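The structure under discussion appears below in the form of structure tokens.
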Amino acid sequence: MIIFFNQDTHSDSKEVEDIRLYLDKFPKIKLKFVELQGETRPMFELHLIGPTHDIPLDVIETFPGVERAIRVSSKYRQIGKHKQDIAPIGFTYNGLKFDQETMHIFAGPCAVDTKENTEELFKILKNLGIKTARMGAYKPRTSPYDFQGHGAECLPWVFELAGKYDIKAIAMEVLKESHIDEITNELEKAGNPTGVILQTGTRNAQNFELLKAVGSQTKFPVLYKRGMGLTLEESLNACEYIASEGNRNIIFCLRGVKTQLGLPHRNLVDFSQVPVLKRLTRLPVCIDPSHSVGTKERSTDGILDIFHVTAQGIIVGANIIMVEIHPNPATALCDAHQALLPDEFMLFLKDVDISRKAYETRLKEIT
Ligand code: PEP
Ligand code: MN
């Protein structure tokens, strides 16, 4: 059960105290007070965990300060909307707003390689007015003999260069808890010139200890990637681990699912589930066309498959696009075959704009 309070009903208010006293009658229930940022205002919620069937909703709703109370049948109680009209969760990080309305593009290489390439990339983004990037320092690779990322040693110059080119957030995958500490320390040592969104990869989509680790800190938001072999329900339950540890600043990312049925693409594109996720969850939704498609093939109309699937995600309301670009793919150490060249990226942005406008027109004329 979730009890929603009116504005300004903080955890130490008399209204919350009165409900707590009443709920003492139900000793098996654990209470968790949650304060989070809604789209338009802060929200105050009391989460009741345990057997709540004997607690009368109508009595709870008579308490002063209570807006309403709902029974939550679904398991992902904190990130879910539960078929009710619960406001989406938005958050602001380093001056950037993320919610189910906004749009951002996280562009960059699969992995950090050279200083020159990194600077070149940030320069391209700055010239385009883009303040968000993607790049991995820690790379989970299918083969132990493939490049595993430069690790912590590249962080000082990556952060310094990001600051120099006004990048506000870099999506960066972490594979274990100590990577969060390394990122925190290096950012602090560099004087926090930029920000990081911790990415959990598809291979770790059910690594519950890692999800708890990114969830139990609130310094960095988290971009959770759907498990390549998981149903949406399974991935949502896994993603809930992050929220249940206290971190509500989460982005849910679709990146395709692994099946032969997706061939010749690397994965079967699942972007038709963007509106489903916006209905089921309170989270901003990201699409990753690079790992979904995995090739630079072009259709007979002359448009790259990566562009086509991106359009499919944006026209149904995606909030974040994560795409691999590389200024010099010949020197890339990972996923060069799917990275867009700078010229292609310009066209990509034009296409993103066309698709977003089409979505906005649909919203105006179809609803
Ligand atoms: C990535 O974004 O670099 C990546 C490895 O993605 P995924 O976890 O979706 O394969
Ligand atoms: Mn990659």
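The values are calculated or read from the model by the stated rules, or taken from the named source; none is laboratory data. This structure is a prediction, so every number in the text was calculated from the model and none was measured. Methodologically, a virtual Cβ is constructed for each residue, glycine included, from the backbone with ideal geometry; neighbour enumeration extends over all protein chains shown.
Quick grid of which residues meet (1) within 30 Å of Thr218 (Cα to Cα); (2) buried (at least 20 other Cβ atoms within 10 Å of the Cβ); (3) away from ligand 1 (no atom under 16 Å from the Cβ):
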| position | (1), (2), (3) |
| --- | --- |
| Ile251 | yes, yes, no |
| Lys258 | no, no, no |
| Phe271 | yes, yes, no |
| Leu280 | yes, yes, yes |
| Asp288 | yes, yes, no |
| Ile315 | no, no, yes |
| Ala318 | yes, yes, no |
| Pro329 | no, no, no |
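Of the residues that make up the stretch 151-162, is at least one more than 21 Å from Ala318 (Cα to Cα), of a type in the set (Phe, Trp, Tyr) and either crowded, with 16+ Cβ neighbours inside 10 Å or assigned by TED's automatic domain parsing to the domain that holds Gly195 (or both)?
We begin by selecting, within the stretch 151-162, every residue more than 21 Å from Ala318 (Cα to Cα); these are 151-162.
Of the ones still in play, those that are also of a type in the set (Phe, Trp, Tyr) are 157, 159.
Subset that is either crowded, with 16+ Cβ neighbours inside 10 Å or assigned by TED's automatic domain parsing to the domain that holds Gly195 (or both): 157, 159.
Within the stretch 151-162, one or more residues are more than 21 Å from Ala318 (Cα to Cα), of a type in the set (Phe, Trp, Tyr) and either crowded, with 16+ Cβ neighbours inside 10 Å or assigned by TED's automatic domain parsing to the domain that holds Gly195 (or both).
For Phe345, only one of the following conditions fails: (1) within 15 Å of Glu120 (Cβ to Cβ); (2) surrounded by fewer than 14 Cβ atoms within 10 Å (Cβ to Cβ); (3) within 25 Å of the chain's Cα centre (by Cα). What is its number?
Evaluating Phe345 over (1) within 15 Å of Glu120 (Cβ to Cβ); (2) surrounded by fewer than 14 Cβ atoms within 10 Å (Cβ to Cβ); (3) within 25 Å of the chain's Cα centre (by Cα) leaves (2) as the failure.
Looking only at the stretch 132-150, filter to residues that are free of Cβ contacts under 8 Å to residues at least 24 places away in the same chain and either within 24 Å of the chain's Cα centre (by Cα) or within 16 Å of Lys189 (Cα to Cα) (or both); which one of those is nearest to ligand 1 (Cβ to nearest atom)?
Across the stretch 132-150, the extreme among qualifying residues is Thr142.
Return yes or no: is Gly191 over 24 Å from Ser292 (Cα atoms) and within 16 Å of the chain's Cα centre (by Cα)?
Considered against the rule, which asks whether it is over 24 Å from Ser292 (Cα atoms) and within 16 Å of the chain's Cα centre (by Cα), Gly191 comes out as no.
Give the residue, chosen from Lys97, Lys83, that is at pLDDT below 95 and either over 22 Å from Phe33 (Cα atoms) or not assigned by TED's automatic domain parsing to the domain that holds Ile325 (or both).
Lys83
Can you name the residue in the stretch 127-167 that is of a type outside the set (Asp, Glu), touching a helix residue (DSSP H, G or I) at 6+ places or on another chain (Cβ under 8 Å) and in a loop (DSSP other than H, G, I, E, B) and is also farthest from Asn117 (Cα to Cα) among such residues?
Per the stated criteria, the residue is Pro140.
Could you say whether any residue in the stretch 108-116 is more than 19 Å from Ile287 (Cα to Cα), in contact with a Cys (Cβ under 9 Å, 6 or more places away or on another chain) and buried (at least 23 other Cβ atoms within 10 Å of the Cβ)?
yes
For the stretch 104-151, enumerate the residues that are of a type in the set (Asp, Glu) and at pLDDT 95 or above.
Result: Asp113, Glu116, Glu119, Glu120.
Among (1) of a type in the set (D, E, K, R); (2) more than 30 Å from Ala171 (Cβ to Cβ); (3) touching a strand residue (DSSP E or B) at 6+ places or on another chain (Cβ under 6 Å), where does Lys28 come up short?
Answer for Lys28: the failing condition is (3).
Among the residues in the stretch 284-301, are any under 30 Å from Leu36 (Cβ atoms), more than 16 Å from ligand 2 (Cβ to nearest atom) and touching a strand residue (DSSP E or B) at 6+ places or on another chain (Cβ under 8 Å)?
Checking the stretch 284-301: at least one residue is under 30 Å from Leu36 (Cβ atoms), more than 16 Å from ligand 2 (Cβ to nearest atom) and touching a strand residue (DSSP E or B) at 6+ places or on another chain (Cβ under 8 Å).
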